[in-house]
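Any read-out appearing in this document is the output of simple, stated calculations on the displayed coordinates, not a laboratory observation. Computed from a predicted structure; not experimentally measured. Cβ coordinates were reconstructed from backbone atoms using ideal geometry, including for glycine residues, and neighbour counts include every protein chain displayed.
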Amino acid sequence: MIESLAYYLCLAGFAGFGYKLIEARRSQPARTMWFLAGFGICIATGIVVLTPAMSALAGPGPVAEWVLSLAGDELKLGAIGFAVAFTQSVWRGEGARLAPHALFTGATMVLLAVCFALSEPRRTGDETVFSEADLPFALADKVLFLLYSLISLGLLFAVFFRSAWHAEPGPLRAGLWLLVVGVGAAFAWTFWDVDDVRRLAESARIAAREDVPSSVLAAVTVVSVAAGATLSAWSPAVSSVIGRVRAYRAYRRIEPLWTALRTAVPGIALDPGRELAGGAEFTLYRRVIEIRDGHLALRAHFDPDLPARAEAAARRAGVREAEVAATVEAVTLAAAIEAGRAGRRFDREPGPEPEPDADADVTAEAAWLVQVSRAWQRRDALVERVRAAAPG
């Protein structure tokens, strides 16, 4: 089941890379996007050629013993080479010098093929066996692959990590952290072959195909890199869904406060029969306005001396510092509702109206009202105790 999941993840990675190529045709250099696509295609194809299904399809013989095994390692090296080229192309643009690393990658792939051919592997069941005379070439093949892969991936990890660490919060930073996860998974996937080197040196045989942990790490690599590279395509939709969920949660959390105000001032409800008709964000916006309308309608019933007394009483009652302001708001509002119900009004000297907060928005206002509503709901253990102490 885990292995099948890894294959499905690779398929999702393929789809992500393909979509990114289509999406970025008009906004990104074609060369840069082909490097990205080459990375994903090489990794996913490398997994496919080492699957049990591919081995069964090839059957016994030189294809399964030589071609598939060598192709898997060569595709991994190709993927790393494409990843380095993609990184240099993005960071340095058209002036990136890609030839040196391309030659280095090509030379490594040729040496890997030569060492593999000289090792003369033989397939025995699910294992590849080497003779004592050919064992040094097999070890050279594995060590060469590990050195190239770990050095290149380590450099890539350092570049992406540094960039993600210094990036401003937002989609770019999230995409970079996804790339960090992808390159880290690729490093772990490659480092997994260290055990193959140890086993090869001890017994002159290794597993002929990827094991389950290796397949999962490869799939995580493909999906993380595809997600990080295509973040600009799907992040707006995800952000929109998250925004709706957060708005709905805030909408429900301020409902106790809104219900109390609507009972005291029924006229604040703009359209009681169309709950959530305009979407969660619009309905939250409307509910915030209705709460503030209720606050204004009760303005004449607010005791101007109560906030200071309530704050002192809240501190004596052991209210946490972060909750004092919201508790004072809940206390004064509850007192105003009772004063309005009893017909009590307070004379206040006219003063300057407070300046509106230029940085305030619906999200910030809703977050504040959630705190007030939370204090309101604790009236049995918190608000009532403070209210009883506040008037003296």
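Between Arg246 and His166, what is the label-point separation in nm under the 7 Å Cα-to-beta-carbon projection?
2.8 nm
Could you order the peptides 159-166, 197-204 from most to least packed, using the average number of other C-beta atoms within 10 Å per residue? Spell out each step's value before the answer.
Details: 159-166: 15.9, 197-204: 14.1.
Result, highest mean first: 159-166, 197-204.
Can you tell me the length gained on complete extension of the stretch Phe104 to Trp368, counting 0.36 nm per residue apart and subtracting the Cα distance?
Once the chain is fully extended between Phe104 and Trp368, it gains 89.2 nm.
I need the peptides 296-309, 253-266 ranked by packing, meaning the mean over residues of other C-beta atoms within 10 angstrom, with the highest value on top.
Result, highest mean Cβ count within 10 Å first: 253-266, 296-309.
Please report, in Å, the Rg and the Dmax of segment 302-349, where both are computed over Cα atoms only.
11.6, 33
What share of all Cα pairs of segment 96-203, in percent, falls into each consecutive 10 Å distance bin?
Percent of pairs per bin, in order: 13, 33, 29, 16, 8, 1.
Return the FRET efficiency for the residue pair Ala207, Ala158: r is the Cβ-Cβ distance, R0 is 30 Å, and the value is rounded to the nearest 0.05.
The value I calculate is 0.45.
Tell me which residues come under 5 Å, amide H to amide H, from Glu127 once H is placed; ignore anything under 5 positions away on its chain.
Ala208
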